[in-house]
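Q: Attaching a single structure in structure tokens format; questions to follow.
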Amino acid sequence: MAETETNQEVVDQETVLTKEQEAVLNEEQEITEAVNQVVSPEAYSDPKYTFGRKVIRIPLSKNSLNEKNISSYLPYILNTHFMNVEQIKHLKGIYTGEDSNIWKKKREDSEETSNIFIEEGHPFRIVEFKKGYLYGEDVTYSFINDTACSDDLTYLNKFMEEQGRASKNVEIAEDFLTGGTGIRFILPKQKDAYFDPMKHSPFEIYNLDYYNAFIVYSSNYTKEKLFGGILTTIDSSDPNNVEYELMIYDHQYAYVYSIGGSSGGTLNHPMFKYKQRHYIGCCNFVEYKTNKSRISPIERVESLFDAANSISSYSIDNVIDFVNAILVIYNQDMKMSTYKKVMKNKAMILKTNDPNKQADAKYLVNALNLGDVQTKYDALVSLAYCICGVPLATTQSTSGGDTGDARELGGGWSNADNIAKQEEKGLIEAEKEMIDICLSICKK
């Protein structure tokens, strides 16, 4: 009997502990929810931050490529590509301003409370500056060996000029400065009766839309480029029956797959149709990037610019709240008609009937310390521009002496030059790769 009572006491204690634990957990959850409501009242709803594009790699080599092996990896390849596309769409919206997180800003305390949106356009300015800094002047080619024939180089420069290389470089710079990567495609030109090999370029250069193009690399230690793919639509007179085509180019063949329509195949599982030899001798896709992670400058500092936009927006909200401050009257009754006269004439007379209760009137305001706010704002923007390698413009005059502003602006240009030098390394490699493909087409 005693043993039974003891067991019952243990059970009762465990039950009490369980209830106490549940109470503690419930209390912690309530505290957490309360803190979240006070400290973070959903100023932004579900911000999306990204950290570079995922490189598509598969365990194949150039020598093992065929339609069967490629088909088996297409679901993984296309799923990864579409994931990258969603991130790039968001970053493109950050660049244009339409997808900035500031548009999700909320003030839920009152329906009459102002909710100002200020998107300052910093990502746009950074991309535009770096486009001009990297490709403001056209790329020039030169021989390492001075004894080489200059006529060949003259023809190559002429062909590049015909293909609009200068403007296409600026366009692809917008792609990799926004989305972290840009893809270029080179094809032999279709000859016709007007084609003159001494005047016209034998190749054509295309900057591919990142929505429809991808490049696949090997996952082995060589990390070699295997093939590139393009998704295109097939001409159709029926708008309700759209059929897509996936073209894949490796170093030997062009593979054609169908997606949708009467020929079958789904978006992630295309159906193989045929392949043909292309004779270029290499994969004719070139990737432009400035770093291994395929992360764009504006992507790395998106959260900093969100904070800067938030400071600017909430500061204007605070100014409006200050202008519309509530008038509080102590120890005095006032009719609405009298209040309207006070608001109109900007004056009032308060008479104290009870000496122990002095009549008074004050505005109920909650004004920001704009000096501290501006200091924090300047620090955020300065850090973001420093990370991106863009000198921060100043309205101060920086000529005529070694002032603090002059040193800061000069340091900004020095930092921009250092970052641009390392970014150019990857772009130079891509340019060399493009030249090799173009020269291969010229020789053939």
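The values are calculated or read from the model by the stated rules, or taken from the named source; none is laboratory data. No experiment lies behind these values; they were computed from the predicted model shown. No Cβ is skipped: glycine too gets one built from the backbone with ideal geometry, and neighbour counts run over all protein chains shown. Protein only, heavy atoms only, side chains kept; ligands, DNA and RNA dropped before computing areas. Shrake-Rupley method; radii C 1.70, N 1.55, O 1.52, S 1.80 Å.
Residues checked against (1) over 12 Å from the mean Cα position of the chain (by Cα); (2) in contact (Cβ under 8 Å) with a residue 12 or more places away in the chain; (3) surrounded by 15 or more Cβ atoms within 10 Å (Cβ to Cβ):
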position	(1), (2), (3)
56	yes, yes, yes
59	yes, yes, no
67	yes, yes, yes
74	yes, yes, yes
81	yes, yes, yes
88	no, yes, yes
92	no, yes, yes
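Q: Consider only pairs whose beta carbons are under 6 Å apart and that are at least six residues apart or on different chains; among these, list those whose first residue lies in segment 426-444 and is under 11 Å from residue 286 (Cβ atoms) and whose second residue is assigned to a loop (DSSP other than H, G, I, E, B) and open to solvent by less than 20 Å² (accessible area, probe 1.4 Å).
A: Short answer, once both residue conditions are applied: 437/284.
Q: Mind checking which residues of segment 178-224 are under 29 Å from the mean Cα position of the chain (by Cα) and of a type in the set (A, V, I, L, M)?
A: 183, 186, 205, 208, 213, 215, 216
Q: Would you mention how many residues in segment 106-131 are open to solvent by 40 Å² or more (accessible area, probe 1.4 Å), out of contact with any Phe, Trp or Tyr (no Cβ under 7 Å at 6 or more places or on another chain) and either of a type in the set (Lys, Arg) or modelled with pLDDT of 85 or more (or both)?
A: 5
Q: Against the conditions (1) polar (S, T, N, Q); (2) touching a strand residue (DSSP E or B) at 6+ places or on another chain (Cβ under 9 Å); (3) crowded, with 17+ Cβ neighbours inside 10 Å, where does residue 296 fall short? Just the number, please.
A: (2) is the only condition that residue 296 fails.
Per-residue answers, yes or no, for (1) modelled with pLDDT of 90 or more; (2) under 17 Å from residue 430 (Cα atoms); (3) not hydrophobic (A, V, I, L, M, F, W, C):
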position	(1), (2), (3)
186	yes, yes, no
207	yes, yes, yes
216	yes, yes, no
261	no, no, yes
284	yes, yes, yes
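Q: Can you work out which of the residues in segment 162-182 that are touching a Gly at 6+ places or on another chain (Cβ under 7 Å), open to solvent by less than 20 Å² (accessible area, probe 1.4 Å) and outside any loop (DSSP other than H, G, I, E, B) is nearest to residue 52 (Cα to Cα)?
A: Filtering first and then ranking leaves 176.
Q: Of all residues in segment 223-252, which are part of a strand (DSSP E or B) and surrounded by fewer than 17 Cβ atoms within 10 Å (Cβ to Cβ)?
A: Once the filter is applied, which keeps residues that are part of a strand (DSSP E or B) and surrounded by fewer than 17 Cβ atoms within 10 Å (Cβ to Cβ), segment 223-252 yields 232, 233, 247.
Q: Please verify whether residue 156 is touching a Cys at 6+ places or on another chain (Cβ under 8 Å) and either over 24 Å from residue 93 (Cβ atoms) or touching a residue at least 24 places away in the same chain (Cβ under 8 Å) (or both), treating the condition exactly as stated.
A: In short, yes.
Q: If you check residue 329 against the conditions, is it open to solvent by less than 90 Å² (accessible area, probe 1.4 Å), more than 30 Å from residue 427 (Cβ to Cβ), in a helix (DSSP H, G or I) and at pLDDT below 85?
A: It is false that residue 329 is open to solvent by less than 90 Å² (accessible area, probe 1.4 Å), more than 30 Å from residue 427 (Cβ to Cβ), in a helix (DSSP H, G or I) and at pLDDT below 85.
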